[in-house]
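Notes follow once the structure below has been shown.
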Number of protein chains: 2
Amino acid sequence: MCEHCGNHGNSHEKESVASFTINKDILSKNAEIAAHNREMLDRFGITMINIVGSPGSGKTTLLEKTIPAIKNEIKVAVIEGDVETSNDKERIEKLGIPCYQINTHGACHLEADMVHKALHELCLDESYDLVFVENVGNLICPADFPLGEDFRVVVLSTAEGDDKPEKYPEIFFGSDAVILSKTDLIEHLDFDLEKCRERLLRVNPKAKLIALSAKNGKGIDEWLSWLSWAITKPR
Amino acid sequence: MCEHCGNHGNSHEKESVASFTINKDILSKNAEIAAHNREMLDRFGITMINIVGSPGSGKTTLLEKTIPAIKNEIKVAVIEGDVETSNDKERIEKLGIPCYQINTHGACHLEADMVHKALHELCLDESYDLVFVENVGNLICPADFPLGEDFRVVVLSTAEGDDKPEKYPEIFFGSDAVILSKTDLIEHLDFDLEKCRERLLRVNPKAKLIALSAKNGKGIDEWLSWLSWAITKPR
C-alpha cells in the first residue's frame, strides 16, 4: 500500500495501461480491409501512397509541388485526412485534380475502412494511376493502421529536429521513404543532416531519405524520380 | 452491396469506426486517477503544468530556458514523456533538477496512472513547488487524458503553420496558455501571427497566447510572468 495515497492498485508497478493496448480485433479488422483495398487497387492498376507526418511537417505543401509536375502524365487523386476543416482539400482542388476529404473529428489516424469508402467515392476507375492519401498529422498512431497502400512515406520537417527517427521509431521503421522537408530552414536551425540520416538508418536501414525544400525547389527532382520508380512497381 | 467489392458492411455509410471511440471506462478510470493526483498535489502545495505539443514544437527547449530562470526561487521537477529514448531527461538533468523519464514504447500520450507513479518516485515532498510534465509529442491524443494538472499549456511552433488551432481544435480548446515558439523563424516562413491568434481565439476565447523565441529570448519574460501568476493560484 502506498504511504502517500493508500493506493493498492498496480499503478506503482507498471507504466503501461490497458488503453495503450489497441484491441487486436480492431487491428485485425483494419488489416483485413487494408488487404481488400490493395486487392481493389491492384485490379485497377492504381498505386496508393500513404503520406504521414507531424502537424505542419509539410505534407500538403509536398503535394502542391508534386501534382503540377505529374498531372499531365498520369491521372492522380488525393484523399485528405484531417481532424477538422477542409482547408487541405481546398488547396488540392486548386491544382485541378479530384480530392476527397475525411474529417476524423478528434480521431488521431485514418483507418482502412475510411479509405475504402473514399476510394469508392473518388477514383476506382481504370483511368487512375496514383492516389495519395494524406494521413492525419501525427507521428505515432498512423503507424499501427495500414490502409492498403503500396508505399508509406514519412514527411519530417527540419524544424522538428534531427532526433525524431529514434524518438518515434515505429513510424520510420515501417516506411519506404522519408522526406526531410524545409531544408531551406537548416541554416537557421540547430539541425545536423548526417546525424538525422544515421538515426534514421539505425531505425530503418532500408529507408530512402530525400532532403528537399518546397520553397527553393532543391531535392524535388529526386523525390519525383523516386515517385516515378514507385509507380512502375510490378504488381 | 457494393458493386466493386461485394462489401455488405457499413463501411460505406460512415467514416468513424469503433476504434475511434475510446472506451468510456478507460477515460473514467483516468479521470479518477487524475483527481487523485490533484488531491495529492494540493496536499503538498505543488502546482503541476502539463505541456503538450507536436514532435519538435520546442517543449524541451522551453523547459531549458525556463528552469535556469526559476530554479533558485522555487523547487521544480520534471516528468518527461517520450515514446522512446531518454534524450530529453538527459537535457533536463543537465540543468541540475530532478527528472523522471516515462517511455510509452509506442503509446501516443501519457495517462494519469503513469504520472501518479512518477510523482511518487520524484517529488511528493512539501519542499517542491512546481512540476512540469512534458507530454508525448502529439497534438491530438493527450487532449483526452487529463493528468491532474493545474494548467495545460500547448507549445505550437511557427514552422507548423498558422492554421493549426482550427485543424486540431480539441487540444487548444482545453488549454490555459498557448506558447507560439520559434518566432525567430517567422521571417523565413509564410506565417501570419494575427491570423493564428484569431483562429486560436475562435477555438478557445480564454487562451493566453505567448509568442516567444528560445533562440533570441523575445517573449520569454512574458512566459515567466504568466508562470509566476500560475504558481500563485489559490488552492
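The values are calculated or read from the model by the stated rules, or taken from the named source; none is laboratory data. Please read all numbers here as calculations on a predicted model, not as lab measurements. Cβ coordinates were reconstructed from backbone atoms using ideal geometry, including for glycine residues, and neighbour counts include every protein chain displayed. What goes into the accessible areas is simple: the full protein's heavy atoms, side chains included, and nothing from ligands, DNA or RNA. Shrake-Rupley method; radii C 1.70, N 1.55, O 1.52, S 1.80 Å.
Here are some notes:
- Exercise: per-residue mean of other protein chain Cβ atoms within 10 Å, A:116-124: 3
- Solvent exposure of the protein assembly as shown, expressed per residue, is 41 Å² of accessible area, with all protein chains present and a 1.4 angstrom probe.
- Of all residues in chain B, the one whose Cβ lies closest to the rotation axis carrying B onto A, together with that distance in whole Å, is B:A159, 2.
- The B-A contact accounts for approximately 5100 Å² of buried accessible area, totalled over both chains at a 1.4 Å probe radius.
- Separation of alpha-carbon centers, segment A:94-121 and segment B:124-182, rounded to whole Å: 27
- Annotation: amide H-H contacts under 5 Å for A:K208 (H modelled 1.01 Å from N, sequence separation of 5 or more, or interchain): A:A177, A:V178.
- Bridgeable lysines around B:K24 (alpha carbons under 29 Å apart, same-chain partners fewer than 8 residues away excluded): A:K14, A:K24, A:K29, A:K117, B:K14, B:K117, B:K164, B:K167, B:K206.
- Peptide B:61-72 has a mean of 0 when you count, residue by residue, the C-beta atoms of other protein chains within 10 Å of its C-beta.
- Both the radius of gyration and Dmax for the protein assembly as shown are 22.4, 70 Å, in that order, over alpha-carbon atoms.
- FRET efficiency, B:F173 to B:T232 (Cβ-Cβ, R0 35 Å, nearest 0.05): 0.90
- Max mean-square fluctuation residue, GNM over chain A, Cα-Cα springs under 10 Å, options A:A118, A:A211, A:A69: A:A69
- Built amide H within the under 5 Å cut-off of A:I79, gap 5+: A:Y100, A:F132, A:V133, A:E134
- Carbon + sulfur, % of accessible area of segment B:161-235 - ligands and nucleic acids excluded, 1.4 Å: 53
- HN-Hα J in Hz across segment B:216-232 - Karplus 6.51, -1.76, 1.60, θ = phi - 60°, x for Gly and Pro: 9, x, 4, x, 4, 4, 5, 4, 5, 5, 4, 4, 4, 4, 4, 5, 8
- For segment A:80-95, Karplus couplings with θ = phi - 60° (6.51, -1.76, 1.60), whole Hz, Gly/Pro x: 9, x, 9, 4, 9, 6, 10, 4, 6, 4, 4, 5, 6, 5, 4, 7
- Computed label-point distance, nm, for sites A:A35 and B:E64 using a 7 Å Cα→Cβ extension: 4.7
- Ascending list, in nanometres, of distances separating the B:E90 label from those of the other copies (7 Å, Cα toward Cβ): 4.5
- Partner aspartates and glutamates whose Cα lies under 16 Å from the Cα of B:K195, excluding those fewer than 8 positions away in the same chain, are identified as B:E160, B:D162, B:D163, B:E166, B:E187.
- Once both labels are positioned 7 Å from their Cα atoms along Cα-to-Cβ, the gap between B:E73 and A:H105 label points is 4.5 nm.
- Placed amide H near B:V155: partners under 5 Å, 5+ positions off or other chain: B:V52, B:G53, B:I179
- Per-residue Karplus couplings for segment A:145-161, computed as 6.51 cos²θ - 1.76 cosθ + 1.60 with θ equal to phi - 60°, are listed in order as 10, x, 10, x, 6, 7, 9, 10, 10, 9, 9, 10, 8, 4, 5, 7, x Hz, Gly and Pro entered as x.
- Whether segment B:11-232 is rounded, prolate or oblate, judged on the alpha carbon gyration tensor where a/c under 1.5 counts as rounded: oblate
- Number of partner chain Cβ atoms within 10 Å, mean per residue of B:176-187: 1
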